[in-house]
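The numbers here are math on the coordinates, done by the rules we state, and not lab data. Predicted, not measured: the structure shown is a model, and the values here were computed from it. Reconstructed Cβ throughout: ideal geometry from the backbone, glycine too, with neighbour counts over all protein chains shown.
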Amino acid sequence: MQMFPNSLFDNPERLERWIEIAQSSFLPLLKGALTYSLSLSIISFAIGLVIAVLTALARISGSKPLVAIARVYVSIIRGTPLLVQLFILFYGLPSVGLTIDPFPSAVIGFSLNVGAYASEVVRAAILSIPKGQWEAAYSLGMTYRQALQRVILPQAARVSVPPLSNSYISLVKDTSLAATILVPEMFRKAQEITATTYEPLLVYSEAAFIYWLICLILSFIQDRIESRLDRYVA
């Protein structure tokens with residue numbers, strides 16, 4: 001009894017076609033990943049980190065207006081889907097006369113998203129630093145700003161590396177959502193190739209493999225960074 005009737009291996013012509021499609025589509029998919037997916041994730045994560053630090057500092061500042069603004073921002077971003085946010089930026093804003101190109105729209109959307117989620121990581125990292133560190137800095141004559149820059153933030157950065165690294169890896173995968181607003185990143189390329197080859201299983205599996213490979217490399221880099229930082233932990 002044949003276990004897999006009508007399988008790919010029973011059709012040599014289709015198997016040959018799959019091999020040809022895989023070979024011809026790999027480079028365009030990889031180019032989409034390196035040119036758009038990775039660049040989009042790097043730019044968005046860098047901007048998002050700046051937003052995260054400012055938001056976290058606003059949350060712990062003690063200023064009621066700053067705390068309120070930061071809380072509302074985090075609440076809105078965390079309470080709405082990323083896909084909806086991208087649609088508002090790219091498809092919604094033109095209705096009020098503000099048109100933004102696909103790539104900048106994606107950068108803004110991802111940056112705001114990263115900023116909201118990472119701000120909680122940064123805030124928790126800052127609050128995890130013992131109060132004695134603040135007192136030691138003040139005893140050396142440092143101001144609040146100097147203590148924050150020279151003593152607290154460096155230690156908080158080390159604490160926040162693992163969760164922020166995981167956030168970046170998730171962001172790399174989330175860049176696939178940019179395909180919905182016409183950014184020609186890897187998933188968008190996969191959709192275009194599928195539309196001409198009619199082989200969704202092959203092309204999307206190939207895209208998934210590239211995503212997995214990139215995340216595997218990033219995980220390796222994350223482990224190396226964490227190992228180096230562990231050397232400085234008493």
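Hey, rough spin-label estimate for residue 46 and residue 67, points 7 angstrom out along Cα→Cβ, what's it come to in nanometres?
Modelled inter-label distance: 3.4 nm.
Work from the charge dipole of the chain (Cβ charges, +1 for Lys and Arg, -1 for Asp and Glu, about the Cα centre) and give the residue of 195, 132, 54 farthest towards its positive end.
With unit charges placed on the Cβ atoms, the residue in question is 132.
Could you estimate the translational diffusion coefficient of the chain from the Stokes-Einstein equation, with Rh from the Kirkwood formula over C-alpha pairs, at 20 °C and 1.002 mPa s, in whole µm²/s? Please list the in-between numbers first.
On the way: Rh = 20.6 Å.
Roughly 104 µm²/s, to the nearest whole number.
With a length cut of 27 Å (Cα positions projected on each helix's long axis) and a Kyte-Doolittle mean of at least -1.0, go through the chain and give me the DSSP H helices that pass. Write down the numbers at each step before the final one.
On the way: long enough: 12-32 (30 Å, -0.20); 38-59 (30 Å, 2.15); 102-128 (39 Å, 1.04); 153-174 (29 Å, 0.18); 200-230 (44 Å, 0.88).
Flagged H segments are 12-32, 38-59, 102-128, 153-174, 200-230.
What distance in nm separates the simple spin-label points at residue 22 and residue 136, each placed 7 Å from Cα in the Cβ direction?
Simple spin-label model gives 5.6 nm for this pair.
For segment 75-229, what does the relative contact order come out to in percent, with C-alpha contacts under 8 Å and a separation of six or more?
Details: 99 pairs, mean separation 33.3, N = 155.
Relative contact order comes out at 22 percent.
Looking at the chain, how many pairs of lysines come closer than 24 Å at the Cα, when each pair is eight or more places apart or spans two chains?
4
Could you give the nm distance between label points at residue 144 and residue 76, where each point is 7 Å from its Cα heading toward the beta carbon?
Distance between the two pseudo-spin positions: 2.6 nm.
Can you sort 167, 119 by how many other beta carbons sit within 10 Å, fewest first? If you can, show how the numbers build up before the last one.
On the way: 167 20, 119 26.
Least crowded to most crowded, the residues run 167, 119.
Quick one: length gained pulling residue 208 to residue 93 fully straight, 0.36 nm per residue minus the C-alpha distance?
The residue 208-residue 93 span can extend by a further 38.2 nm.
How big is the dipole moment of the chain about its Cα centre under a simple scheme where the beta carbon of each Lys and Arg is +1, that of each Asp and Glu is -1, and everything else is neutral? Debye, nearest 20, please. The partial results should precede the final answer.
On the way: 18 positive and 15 negative charges, 264 e Å.
Magnitude of the dipole: close to 1260 debye.
Name the chymotrypsin sites (Phe, Trp or Tyr not before Pro) in segment 149-205 that are in a loop by DSSP and that have at most 12 other C-beta atoms within 10 Å, would you?
Within segment 149-205, the qualifying chymotrypsin sites (Phe, Trp or Tyr not before Pro) (loop, at most 12 other Cβ atoms within 10 Å) are 198.
In deg cm²/dmol, rounded to 500, what helix-only [θ] at 222 nm does the chain give when every DSSP H run of at least 4 residues adds -39500 (n - 2.57) and the total is split over its residues?
When only DSSP H runs of four or more count, the value is -24500 deg cm²/dmol.
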